[in-house]
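Structure record follows, encoded as structure tokens.
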Amino acid sequence: MLNRILILFGNELDKNNLLKTGQHLKEKYGTEVYGLYIRDIRKYEVLPPTVEGLVVDNSANFLIREWEKSENIQVEELQKIFKNYFPLNHLLIEEGVVQEIVQEKMLGFDLIIVEKSKTITADQKDLLRHHYKPVLLIPENNSLKVEKVMIANDKSERVNKSIFTFLNMFGKLNDFTSVAVNLDDETDNEFSKYMEIAGKTLNTLELEGKPINIISEKSEEFDVLIMGDLKHSFLLERLTGNTGLKLLENIDIPIFIG
């Protein structure tokens with residue numbers, strides 16, 4: 001079931017992109033859509049040491065005032081755009097540490113939607129390290145249309161979990177394509193049996209070559225890509241050059257991570 005969606009806003013150049021995704025899911029699945037913008041209190045960490053309670057460096061105060069002014073402008077602009085799609089009381093404005101507030105808000109939502117920039121930001125990495133609800137990453141200038149679904153299938157428990165979560169949320173979809181690279185000696189027959197019993201059509205492709213190149217190229221034929229979660233991958237990122245992380249930055253279609 002897909003009852004409530006939370007769209008996390010930040011410094012996106014075009015917020016319409018995320019809002020169109022929420023609107024599409026509301027129209028197709030009747031879900032409630034909320035937005036969240038967080039004023040990050042970490043900006044106050046730039047304050048220098050004080051003497052008898054007085055701040056020594058006025059430049060830090062100036063920096064914070066400019067930051068706050070920028071946040072106020074972003075909130076005003078977001079409110080103007082948001083009300084064109086959803087009731088304004090569905091836009092939540094909070095102040096705190098981004099990751100802490102997102103973790104708390106996840107308790108009341110089925111799915112978190114966030115923009116995927118070309119280079120994964122620190123806040124996006126934090127979200128992918130710690131999320132316990134599914135995340136939908138929307139590339140810049142590419143809103144979601146859930147029709148043709150591709151699975152980046154490494155035949156692991158992580159991707160299996162993502163697939164089953166996706167099936168529970170988007171039960172109306174029946175056609176899936178599973179793409180596995182350099183794994184033809186490994187089987188996932190039980191998954192194929194389940195899809196058949198569930199009345200889903202599963203097209204399986206077993207390919208050879210460079211995983212990133214193949215999956216990136218194949219993804220151009222689809223609307224959304226399902227991947228396994230990357231929590232453990234971040235620990236190995238520097239050692240292995242993990243494929244999952246590189247895919248995040250190379251894929252130009254929405255990515256669902258359960």
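Rule-based calculations on the coordinates, nothing more; no lab input. Keep in mind that what you see is a predicted model, and the values were worked out from it rather than measured. Counting neighbours? That spans all protein chains shown, and the Cβs are built from the backbone with ideal geometry, glycine included.
Can you tally the net charge around GLY108? Count Lys and Arg as +1, Asp and Glu as -1, for every other residue whose Cβ sits under 14 Å from the Cβ of GLY108.
Residues near GLY108 contribute -1 overall.
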Sites removed, the longest contiguous part of the chain containing no DSSP-loop GluC sites (Glu not before Pro) with at most 14 other Cβ within 10 Å is 53-139
Cross-link list LYS80/LYS218; LYS148/LYS246; LYS133/LYS155; LYS133/LYS246; LYS26/LYS105; LYS26/LYS116: which exceed 28 angstrom alpha carbon to alpha carbon?
LYS80/LYS218
Compute the orientation-averaged projected area for the chain from the convex hull of its Cα atoms and round it to one decimal in nm².
15.8
Scalar couplings 3J(HN,Hα) for the stretch 205-215 by Karplus 6.51 cos²θ - 1.76 cosθ + 1.60 (θ = phi - 60°), nearest whole Hz, x for Gly and Pro, are 10, 10, 10, 10, x, 7, x, 4, 4, 5, 5
Where the convex hull is taken over the Cα atoms of the stretch 1-144, what is its projected area averaged over directions, in nm²?
9.7
To the nearest 20 Debye, how big is the dipole of the stretch 1-144 about its Cα centre, given +1 on the beta carbon of each Lys and Arg and -1 on that of each Asp and Glu?
600
If you take the charge dipole of the chain about its Cα centre, with +1 on Lys and Arg Cβ and -1 on Asp and Glu Cβ, which of GLN74, SER178, LEU127 is farthest toward its positive end?
GLN74
Determine, for SER192, SER162, the number of other Cβ atoms within 10 Å of each Cβ, and report the residues in order from fewest to most.
SER192, SER162
So if a site counts as exposed when it's one of the trypsin sites (Lys or Arg not before Pro), its DSSP state isn't H, G, I, E or B, and it has at most 12 other Cβ atoms within 10 Å, what's the longest stretch of the chain without one?
1-117
Could you work out the relative contact order of the stretch 1-144, using alpha carbon pairs under 8 angstrom and six or more residues apart, expressed as a whole percent?
34
If the cut-off is a Cα-Cα distance under 13 Å, which aspartates and glutamates reach LYS20, setting aside same-chain residues fewer than 8 apart in sequence?
GLU115, GLU140
Among the DSSP beta bridges whose two residues both lie in the chain, what percent are antiparallel, rounded to the nearest 5?
10
Taking amide H positions as placed 1.01 Å from N in the peptide plane, with prolines and chain starts having none, which residues 5 or more places from LEU91, or on another chain, fall under 5 Å of its amide H?
GLY35
Normalised by the number of residues in the chain, what is the relative contact order in percent for Cα pairs under 8 Å and 6+ residues apart?
21
Nearest 10 degrees is fine. How inclined is helix 16-29 to the longest principal axis of the chain, computing both from alpha carbons?
50
LYS118 to GLU206: extension gain in nm, 0.36 nm per residue of separation minus the Cα-Cα distance?
28.9 nm
Helix-only [θ] at 222 nm, the chain, -39500 (n - 2.57) per DSSP H run of 4+, per residue, nearest 500, equals -12500 deg cm²/dmol
May I ask you to evaluate 6.51 cos²θ - 1.76 cosθ + 1.60, the Karplus curve with θ = phi - 60°, for each residue of the stretch 221-228 and list the ³J(HN,Hα) values in order in whole Hz, giving x for glycine and proline?
8, 10, 9, 8, 10, 9, 10, x
